[in-house]
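The values are calculated or read from the model by the stated rules, or taken from the named source; none is laboratory data. Note that the structure is predicted; figures quoted are calculated from it, not measured. Virtual Cβ from ideal backbone geometry, glycine too; neighbours counted across all protein chains shown. To get the accessible areas, we keep the full protein, side chains included, count just its heavy atoms, and leave off ligands, DNA and RNA. Shrake-Rupley method; radii C 1.70, N 1.55, O 1.52, S 1.80 Å.
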Amino acid sequence: MTQTTEAPPAGSPHRSRPVPVKAASTFAQALNAALADAMEADPTVLMFGEDVGVLGGVFRITDGLTARFGEERCFDTPLAEAGIVGMAVGMAMNGMRPVVEMQFDAFAYPAFEQVVSHVAKMRNRTRGAVHLPIVIRIPYAGGIGGVEHHCDSSEAYYAHTPGLTVLAPATVRDAYFLLREAIASPDPVVFLEPKKLYWSREDVDLAELRRTFEDGQAPRRIGRAVVARAGTDATLISYGPSVPTALAAAAAAAEEGRSIEVIDLRSIVPFDDETVCESVRRTGRAVVVAEAPGFASVASEIVARVQERCFHSLAAPVLRVTGFDIPYPSPKLEHFYLPSVDRILDAVDDLQWED
């Protein structure tokens, strides 16, 4: 535990005294702890994928797991994404709980046939007799200056596939709890990990998170959005990598005299209509913020759901701030592509305030 010091009271014979504070944990450390705690709690949980063993993964999310649990529980695979997911299907059908890593978002596409044809459909195909408790971890989205095939926003492909749960945490705390929930789920989960948030930090005690989860005291997060910042004038709806940008935009708007609420979806599928619509009905205006291209996107679905459910409460059309409808750009150009504070504030300005 890290420590800081505070000034002694007047007349104290001591120069200073230590004051314990919580250690800052990163998003990556929270995921690592969630995997380790799940593997400790359940011997049927396995972790495998490309370079996840001794190396600990490209982003070190699986660091130390092979040393702790052995090569039978955390191991490397060939560079064969379809084979990785196909093997997970067989393991899950025989009582295991495999967690697999697709090394980068665009590397996952060779496995897409397995995901759509088998992972998502097995329970329906067997009339509920066979469950597939598989977690497919995908480091995803941009903001790290990655080259082609290393940055992509692929959530719409998975969200459009019935039978999959699709999650995208934005905070250290949610990274831990959502991954534990995903591993415990009887159904397949696509777990989208925003790469640019791996090094974000929060003052959280990972051991305390473990106790809270295993004591059954952690509120359920799958299917539950959260108000990340309260406001009264408009609602920003976001998830995963775009949540910090939305929060920054709300802070900037406050300096201009506007009170902006920010909703962090956390769970794309299932979707929390109740929390989103309660906010929009109260503020009367909404902007959806997401990195993926806007056409036929998750952002499009959110806009449709809000318009259908909140039409009579809206003071202006629901707008979107998204990536452009182009292939993901080169590292030097990605800052033009990604939603920014300025683009979000411009959208907020367009919400027909003059009316």
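Counting Cα-Cα pairs of the chain in 10 Å increments starting at 0 gives whole-percent bin shares of 5, 24, 31, 23, 12, 4, 1, 0.
Averaged per residue, what accessible area in Å² does the stretch 256-338 show with a 1.4 Å probe, protein chains only?
The answer is 46 Å² per residue.
Under 5 Å from the amide H of LEU236 lie the amide H atoms of GLU261, VAL262, ILE263, VAL287, each residue being 5 or more positions distant or on a separate chain, with H modelled from the backbone and absent for Pro and chain starts. Note on the chain: helix-only mean residue ellipticity at 222 nm, from DSSP H runs of 4+ residues weighted -39500 (n - 2.57) and normalised by residue number, equals -9500 deg cm²/dmol. Considering the stretch 156-299 at the alpha-carbon level, its Rg and Dmax are found to be 15.4, 47 Å. Can you give the log10 of the normalised intensity I(q)/I(0) at q = 0.21, 0.25, 0.29, 0.30 Å⁻¹, computed with Debye over equal Cα scatterers of the stretch 145-198? Scattering profile of the stretch 145-198, log10 relative to I(0): -0.86, -1.05, -1.17, -1.19.
Report the far tail of the P(r) of the stretch 230-284, meaning the percent of Cα-Cα pairs longer than 19 Å. Show your work: numbers first, answer last.
Numbers: 379 of 1485 pairs.
Here the tail beyond 19 Å accounts for 26 percent of pairs.
Within 10 Å, at most 15 other Cβ atoms, and a DSSP state outside H, G, I, E, B define an exposed site. Report the longest part of the chain free of exposed chymotrypsin sites (Phe, Trp or Tyr not before Pro). All intermediate terms of the calculation are to be shown ahead of the outcome.
Details: sites that count: TRP199, PHE295, PHE324, TRP353.
Answer - 1-198.
What are the semi-axes of the equivalent ellipsoid of the stretch 167-215, taken as the square roots of 5 times the eigenvalues of the Cα gyration tensor, listed largest first and rounded to whole Å? Could the numbers behind the result be given before it?
On the way: eigenvalues 65, 58, 5 Å².
Each semi-axis is the square root of five times an eigenvalue, giving 18, 17, 5 Å.
Enumerate the aspartates and glutamates that LYS196 could reach by cross-link, defined here as Cα to Cα under 15 Å, with residues fewer than 8 away along the same chain left out. Partners within reach: ASP105, ASP152, GLU291, GLU334. Distance between the pseudo-spin-label points of VAL130 and ILE326 (7 Å out from Cα toward the beta carbon): 4.5 nm.
If you rank GLU274, GLU181 by how much accessible surface each has, with a 1.4 Å probe, what is the order from largest down? Don't jump to the answer; show the numbers that get you there.
On the way: GLU274 150, GLU181 25 Å².
Per-residue accessible area, sorted high to low, gives GLU274, GLU181.
A straight Cα-to-Cα reach below 20 Å connects LYS121 with the aspartates and glutamates GLU81, GLU113, GLU155, ASP187, residues fewer than 8 places away in its own chain not being considered. For SER313, SER267, the ranking by accessible surface with the largest value first comes to SER313, SER267, using a 1.4 Å probe. Using the alpha-carbon positions of the stretch 249-338, Rg (one decimal) and Dmax (whole number) come out as 14.3, 43 Å.
List the equivalent ellipsoid semi-axes of the stretch 287-352 in whole Å, largest first, each obtained as the square root of 5λ for an eigenvalue λ of the Cα gyration tensor. Show your work: numbers first, answer last.
Values: eigenvalues 121, 40, 8 Å².
After scaling each eigenvalue by five and taking roots: 25, 14, 6 Å.
Report the antiparallel proportion of the DSSP beta bridges in the chain as a percent, rounded to a multiple of 5. In the chain, approximately 25 percent of DSSP beta bridges are antiparallel ones.
At a probe radius of 1.4 angstrom, the accessible area of the stretch 148-209 per residue rounds to 34 square angstrom. For the pair the stretch 293-316 / the stretch 118-180, the C-alpha centres are spaced 23 Å from each other. What part of the accessible area of the chain, given as a whole %, is carbon or sulfur when the probe is 1.4 angstrom? Here carbon and sulfur together make up 54 percent of the probe-accessible area.
Rounding to the nearest 20 debye, state how big the charge dipole of the stretch 96-218 is about its Cα centre with +1 on each Lys and Arg Cβ and -1 on each Asp and Glu Cβ.
Working: 13 positive and 16 negative charges, 96 e Å.
So the dipole magnitude of the stretch 96-218 works out to roughly 460 debye.
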